[in-house]
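Each remark here refers to the structure printed beneath this line.
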Amino acid sequence: MTSEAAPVVVKRVAGECGELVLRRVGEHFEIIANGVFLMDTRNGESERLLVEAAARRMPAGGALLVGGLGVGFSLRTALDHPRVGEVVVVERERSVIAWNRGPLAARHGDALADPRARCVPADLVGWLSGTSERFGAICVDIDNGPEWTVTDGNAVLYGESGVDLLANALVPGGVLAVWSAGRSPAFVERLAARFASVTTLEVPVPRGEPDLIFLGERG
């Protein structure tokens, strides 16, 4: 049985949320924030399902907002979906954007070069608070879930004011999709108080509890 190759650090930078590390393990890449694993290029199933679940429910031809660029799988999936028009990605870490234009580009077909993609280097909460743009779908994948944020400041996004902010950025009939590595009954209750329909999808993982996708649909 062959063991996986030892991780090799490709880049180590001081980011907005602390130390960010891009490392390579064999043919795959991983992004680590402050020593906590965030994501990698091994599969991407849950990121793809996050976008697909929102896209198939959103008004056809609308714009889709992705909160968090990650390794580019969500953006690629949005661009490939027939119901999606423009895709806006809000990513506060400029290094993550640079990595997606560089060593990660081959993993998603250089999605940032697509003319329908617009990448905004900003904090999602701050940007949403100042924009007048409205979206057919918003996909949030900037943390490990409402109960496990990368930085303490992200917690506001999952509170009542954050849910209101997200809902108000949707067109009528729009959809909010939030990825999570764990359950959050309190967050589901907040969604239910603001959206006409709320659904929780389970994404099986090789070990442990499934990943979750929380969906809120505006009436």
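Derivation of every value follows stated rules applied to the coordinates shown; laboratory data play no part. Treat the numbers as computed from the prediction; the structure is a model and nothing was measured. Glycine gets a Cβ as well: all are built from the backbone with ideal geometry, and neighbour counts include every protein chain shown.
Bridges between two residues of the chain, per DSSP, are antiparallel at a rate of about 60%. Shown here: semi-axes √(5λ) of the Cα gyration tensor in Å, derived from the displayed model; of the candidates (i) 24, 22, 16; (ii) 30, 18, 15; (iii) 27, 19, 17, it corresponds to (iii). The range 111-126 and the range 173-219 have their alpha-carbon centroids 24 Å apart. The C-alpha atoms of the chain define a longest principal axis, and helix 45-55 lies at about 20 degrees to it.
Between the alpha-carbon centres of the range 29-49 and the range 50-67 there is a gap of 21 Å.
Going by how many other beta carbons lie within 10 Å of each one, how would you line up 81, 108, 28, fewest first? Present the calculation step by step, with values, prior to reporting the outcome.
Values: 81 19, 108 22, 28 16.
Least to most surrounded, the residues fall as 28, 81, 108.
Other residues whose C-beta falls under 9 angstrom from the C-beta of residue 23 contribute a net charge of +2, scoring Lys and Arg +1 and Asp and Glu -1.
About its Cα centre, the range 1-78 has a charge dipole of approximately 180 debye under the convention of +1 per Lys or Arg Cβ and -1 per Asp or Glu Cβ, with nothing else charged.
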